[in-house]
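Data block below; observations after.
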Amino acid sequence: MGLSEAQYETLSSLTSPQKPKEKNYNDLVALLESHFGAATNKIVERAKFHGVRRTDSESVTDYVVRLRTQARTCEFGTMLDENVLEQFCIGVNSKAVRDRVAAIATEQQNDLKEVIKVALQVEVHEKIDKFYNNDQPRQLELSHMLDQKSSQIRSVSAVASLDI
């Protein structure tokens with residue numbers, strides 16, 4: 001498949017004064033990528049990341065996934081988990097989660113997996129409290145909810161170490 005006339009004109013403009021055939025393939029690809037590719041601005045991406053807050057209807061695991069997704073373009077490198085942990089604690093909308101995280105040992109506060117584990121436990125307790133405060137007999141729903149959260153707690157390692 002070749003280039004259209006318009007595409008070739010663009011490529012010729014990018015290589016001028018040389019002709020495209022005078023350049024090697026890698027140089028042509030680099031020229032086209034720089035021309036058409038949307039460069040990401042690390043500072044802008046990090047500002048977006050630092051603006052991520054947990055919504056009222058969002059589960060802890062969904063919030064962590066959303067943070068990790070947003071972090072993809074931030075170029076955190078080896079500081080990824082530390083940044084996700086920090087933003088998790090800043091953006092979590094539950095006072096109970098913040099209080100429980102503050103109450104755990106300092107070493108655990110610096111461990112993303114431990115903080116997520118604590119947050120999941122608090123989330124379960126909040127849902128149980130909400131259930132009992134509604135005074136509605138929904139034992140099956142509660143049982144299902146507990147099964148789901150137990151499963152999430154067991155898979156904290158998978159969520160906390162998502163490869164992005």
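At-a-glance table
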{"item": "Count of residues meeting criterion [among the aromatic types (Phe, Trp, Tyr) and surrounded by fewer than 19 Cβ atoms within 10 Å (Cβ to Cβ)] in segment 47-77", "result": "1"}
{"item": "From the options Glu22, Glu45, Glu5, residue that is at pLDDT 90 or above and over 39 Å from the mean Cα position of the chain (by Cα)", "result": "Glu22"}
{"item": "Residue ranges of helices (runs of 4 or more DSSP H) in segment 77-164 with at least 2 members of a type in the set (Lys, Arg) and at pLDDT below 80", "result": "139-154"}
{"item": "Selection within segment 8-45 - surrounded by 10 or more Cβ atoms within 10 Å (Cβ to Cβ), farther than 30 Å from Glu75 by Cα and of a type in the set (S, T, N, Q)", "result": "Thr10, Ser12, Ser13, Thr15, Gln18"}
{"item": "Of all residues making up segment 1-47, the number that are assigned to a helix (DSSP H, G or I) and not aromatic (Phe, Trp, Tyr)", "result": "29"}
{"item": "Test: residue in segment 78-98 that is basic (Lys, Arg) and crowded, with 16+ Cβ neighbours inside 10 Å", "result": "no"}
{"item": "Some residue of segment 50-70 being out of contact with any Pro (no Cβ under 9 Å at 6 or more places or on another chain), part of a loop (DSSP other than H, G, I, E, B) and more than 21 Å from Ile116 (Cα to Cα)", "result": "no"}
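The values are calculated or read from the model by the stated rules, or taken from the named source; none is laboratory data. Nothing here was measured: the structure is a model prediction, and the numbers come from that model. Here Cβ is always computed from backbone atoms with ideal geometry, including for glycine, and neighbour counts include all displayed protein chains.
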